[in-house]
1. Of the numbered conditions (1) under 18 Å from Y73 (Cβ atoms); (2) more than 16 Å from the chain's Cα centre (by Cα), K160 fails exactly one; give the number of that condition.
2. How about region 84-103: which of its residues are loosely packed, with under 11 Cβ neighbours inside 10 Å and in contact with a helix residue (DSSP H, G or I) (Cβ under 9 Å, 6 or more places away or on another chain)?
3. Step by step: first the residues of region 2-60, then only those that are at positive phi and part of a loop (DSSP other than H, G, I, E, B), then the one that is modelled with the highest pLDDT. Which residue is that?
4. Scanning for something touching a Ser or Thr at 6+ places or on another chain (Cβ under 6 Å), closer than 24 Å to N204 by Cβ, surrounded by 21 or more Cβ atoms within 10 Å (Cβ to Cβ) and of a type in the set (S, T, N, Q), does region 31-45 turn up at least one residue?
5. Just checking, which of G69, G79 is touching a Pro at 6+ places or on another chain (Cβ under 9 Å) and either over 23 Å from S43 (Cα atoms) or in a loop (DSSP other than H, G, I, E, B) (or both)?
6. Does D196 meet the test of being part of a loop (DSSP other than H, G, I, E, B), charged (D, E, K, R) and within 22 Å of H34 (Cβ to Cβ)?
7. Would you mind stating whether F102 is in contact with a strand residue (DSSP E or B) (Cβ under 9 Å, 6 or more places away or on another chain) and not basic (K, R)?
8. From the list K206, K190, which residue is loosely packed, with under 15 Cβ neighbours inside 10 Å, closer than 30 Å to L90 by Cα, free of Cβ contacts under 8 Å to residues at least 40 places away in the same chain and basic (K, R)?
Amino acid sequence: MAKAALTIPRYYSHEDAEKAKFKILDFQGEWLRHLGNPERASSILIYGGSGHGKTTYALQLMKYLCEFGKVFYNTVEEGMSASFIRSLELNNVKAVKGKYVFQSEFYDDMVKRLDRRNQPKIVFVDSVQYCFRGKRDGDYFNLIERFPDTLFIWTSQMSKGMPKGAVADAIMWDSQAVIKVEHFKAYVNKSRCGGDELTPYIINKKKSHSIILMF
């Protein structure tokens, strides 16, 4: 009995590439210089050592992204804590109240929430190590395939100068942009969207300057 022929998609041509349309975030000003124009879906990874400004940077980016749509911030590492609320206050996130929501959820609960109708399409997860506890890198790929129209921004702990663990490593290679936070400066290590890989974004001028003076 003859086997059924497999349907194989045709090749893309140069003309196909010229006609392709993508959803791009139209960044302006300092964020345009720093990150370029990210796609409206996919991943961005932020990593660095403890106390160097990862969450502060993530909240500043979240505040800006509220201009493009409602944001869900998963504060799974800190939870509803005094330190997280203080970070919201220090970054004047109140200015975008009503444009973001937050909760502390591990991977499975987060997926259940995002499966509901009318959920935010911009999602911050702070951090990879807490959210994916007991999970593998394959769970990350399942997540982005399940929500192909969602932009995920991940924060990650660091080990030996690199994002910590197999899941964070997979996200790093898959992300459209990778940002290393060090001494309250954000350096673009990798960019597929035109980000500035030479000059860092200053997260906190006073703290970054005081660290320079210490050395």
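1. (1)
2. K94, A95
3. If we take residues in region 2-60 being at positive phi and part of a loop (DSSP other than H, G, I, E, B), then G36 is modelled with the highest pLDDT.
4. Among the residues of region 31-45, not one is touching a Ser or Thr at 6+ places or on another chain (Cβ under 6 Å), closer than 24 Å to N204 by Cβ, surrounded by 21 or more Cβ atoms within 10 Å (Cβ to Cβ) and of a type in the set (S, T, N, Q), which makes the answer no.
5. Details: G79 fails: touching a Pro at 6+ places or on another chain (Cβ under 9 Å).
So the residue among G69, G79 that is touching a Pro at 6+ places or on another chain (Cβ under 9 Å) and either over 23 Å from S43 (Cα atoms) or in a loop (DSSP other than H, G, I, E, B) (or both) is G69.
6. On the way: part of a loop (DSSP other than H, G, I, E, B): yes; charged (D, E, K, R): yes; within 22 Å of H34 (Cβ to Cβ): yes.
Considered against the rule, which asks whether it is part of a loop (DSSP other than H, G, I, E, B), charged (D, E, K, R) and within 22 Å of H34 (Cβ to Cβ), D196 comes out as yes.
7. Numbers: in contact with a strand residue (DSSP E or B) (Cβ under 9 Å, 6 or more places away or on another chain): yes; not basic (K, R): yes.
Yes, satisfied.
8. So the residue among K206, K190 that is loosely packed, with under 15 Cβ neighbours inside 10 Å, closer than 30 Å to L90 by Cα, free of Cβ contacts under 8 Å to residues at least 40 places away in the same chain and basic (K, R) is K206.
The values are calculated or read from the model by the stated rules, or taken from the named source; none is laboratory data. Predicted, not measured: the structure shown is a model, and the values here were computed from it. Heads up, the Cβs are rebuilt from the backbone with ideal geometry, glycines too, and the neighbour counts pull from every protein chain shown.
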